[in-house]
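What follows is a set of notes on a single structure, which appears directly below.
The values are calculated or read from the model by the stated rules, or taken from the named source; none is laboratory data. Given the structure is predicted, the values throughout are model-derived calculations rather than measurements. In this analysis, Cβ positions are derived from the backbone assuming ideal geometry, glycine residues included, and neighbour counts consider all displayed protein chains.
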Amino acid sequence: MQWHVNPHSGVPIYIQLEQQVKTAIAAGVLRAGDRLPTVRELALELTINPNTVARAYRELERAGFIETAPGRGTYVKAAQAPTMSAKVRQMRLATAVEVMVAEARALGFEKEEIIAAVRAALGRETGDDGPTDGRLDGKEAGS
């Protein structure tokens, strides 16, 4: 897995790491039983404070995404039905979207480009890739 952080995005680095792990699990890039880098390995790779990685891992473990086996490492947990309320789920979705938008804005993307990327990603989930020419609605120009 390719890790990256943007210290200028306005989103705390530990949250960026959490979101990357959650996204990788949702996308099937990380699967149950996959080993994550150690705190020290990831901190060195990203040139960040190990405490930041440790905090991300603690939050992910608390949320049930990963588990740490002392002396063996940190692994992705098998998926379980969410045990959180609808309100908490909605708050997590809002946070994930805010992180994604902040990162996209920091990369210089405009609102329409971000929306198109989200629609394309949702389309890939359902097998409907939608328009491939960058338009949001799939309609011909001027129609």
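Quick notes on this one:
- Check on Val5, surrounded by 14 or more Cβ atoms within 10 Å (Cβ to Cβ) and assigned to a loop (DSSP other than H, G, I, E, B): yes
- Residue-level analysis places Leu17 among those that are out of contact with any Gly (no Cβ under 9 Å at 6 or more places or on another chain), surrounded by 13 or more Cβ atoms within 10 Å (Cβ to Cβ) and outside any loop (DSSP other than H, G, I, E, B).
- Verdict on Arg35 being more than 19 Å from Tyr14 (Cβ to Cβ) and at pLDDT 95 or above: yes
- A single entry from Arg55, Arg105, Arg89 fulfils the requirement of being over 14 Å from the mean Cα position of the chain (by Cα), surrounded by 14 or more Cβ atoms within 10 Å (Cβ to Cβ) and not assigned by TED's automatic domain parsing to the domain that holds Gln19: Arg105.
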